[in-house]
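Undergrad: Dumping the structure here so I can ask a few things about it.
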Amino acid sequence: QVQLVESGGGLVQPGGSLRLSCACSGNIFTLSTMGWYRQAPGKQRELVAEMAAGGTRNYANSVKGRFTISRDDAKNTVYLQMNSLKPEDTAVYYCKLDFLGRSSWGQGTQVTVSS
């Protein structure tokens, strides 16, 4: 069974940066599409960024040019580098793994952007 553990969230001022990490157990990481999603209070969960096993990346328009997704297959870890953070980026950020049509989610990490 796959387990995903996010870390790196916290409180940051507008314009600041954070890097989220998601460590994955098991042996399917290198074959999986990894994604970061977020959910703000009262809103639906939305895709932030995803990265396929082959390296193709996809970003939400709202984060293009500010966020970067990357993965280290040797460490079974996916990262989300978030720069130029805005108050509207405040949300719980979740890591997701997709493999052969099945999805697994992490528990989420809170990101708060506020002065």
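The values are calculated or read from the model by the stated rules, or taken from the named source; none is laboratory data. Worth saying up front: this structure is predicted, and the values here are computed from it rather than measured. Note that each Cβ is placed from the backbone with ideal geometry, even for glycine, and that neighbours are counted across all protein chains shown. Each accessible area value is taken on the protein alone, full model and side chains, heavy atoms only, with ligands, DNA and RNA left out. Shrake-Rupley method; radii C 1.70, N 1.55, O 1.52, S 1.80 Å.
Undergrad: Say whether the condition of being without any contact (Cβ under 8 Å) to a residue 12 or more places away in the chain and either in a strand (DSSP E or B) or of a type in the set (A, V, I, L, M, F, W, C) (or both) is met by at least one residue in the stretch 51-67.
TA: Yes, the stretch 51-67 contains a residue that is without any contact (Cβ under 8 Å) to a residue 12 or more places away in the chain and either in a strand (DSSP E or B) or of a type in the set (A, V, I, L, M, F, W, C) (or both).
Undergrad: Considering each residue of the stretch 24-71, count those that are under 17 Å from residue 92 (Cα atoms), surrounded by fewer than 17 Cβ atoms within 10 Å (Cβ to Cβ) and in contact with a Leu (Cβ under 8 Å, 6 or more places away or on another chain), and give that number.
TA: Residues flagged as under 17 Å from residue 92 (Cα atoms), surrounded by fewer than 17 Cβ atoms within 10 Å (Cβ to Cβ) and in contact with a Leu (Cβ under 8 Å, 6 or more places away or on another chain) within the stretch 24-71 amount to 1.
Undergrad: Quick one: in the stretch 73-109, which of the residues that are among the aliphatic types (A, V, I, L, M) and over 17 Å from residue 23 (Cβ atoms) is surrounded by the fewest Cβ atoms within 10 Å (Cβ to Cβ)? Show your work before the answer.
TA: Keep residues of the stretch 73-109 that are among the aliphatic types (A, V, I, L, M), which gives 74, 78, 80, 82, 85, 91-92, 97, 100.
Filter once more, keeping what is over 17 Å from residue 23 (Cβ atoms): 82, 85, 91-92, 100.
Working: 82: 26, 85: 22, 91: 22, 92: 18, 100: 7.
If we take residues in the stretch 73-109 being among the aliphatic types (A, V, I, L, M) and over 17 Å from residue 23 (Cβ atoms), then 100 is surrounded by the fewest Cβ atoms within 10 Å (Cβ to Cβ).
Undergrad: Assuming residue 13 fulfils every condition listed in (1) more than 16 Å from residue 110 (Cβ to Cβ); (2) exposed (fewer than 13 other Cβ atoms within 10 Å of the Cβ) apart from one, which condition is it?
TA: Against the list (1) more than 16 Å from residue 110 (Cβ to Cβ); (2) exposed (fewer than 13 other Cβ atoms within 10 Å of the Cβ), residue 13 comes up short only on (1).
Undergrad: List every residue pair whose Cβ atoms lie under 6 Å apart, where the two residues are 6 or more positions apart in sequence or sit on different chains, the first residue falls within the stretch 5-27 and is free of Cβ contacts under 8 Å to residues at least 60 places away in the same chain and closer than 25 Å to residue 73 by Cα, and the second residue, located anywhere, is open to solvent by 50 Å² or more (accessible area, probe 1.4 Å) and not hydrophobic (A, V, I, L, M, F, W, C).
TA: 21/7; 25/3
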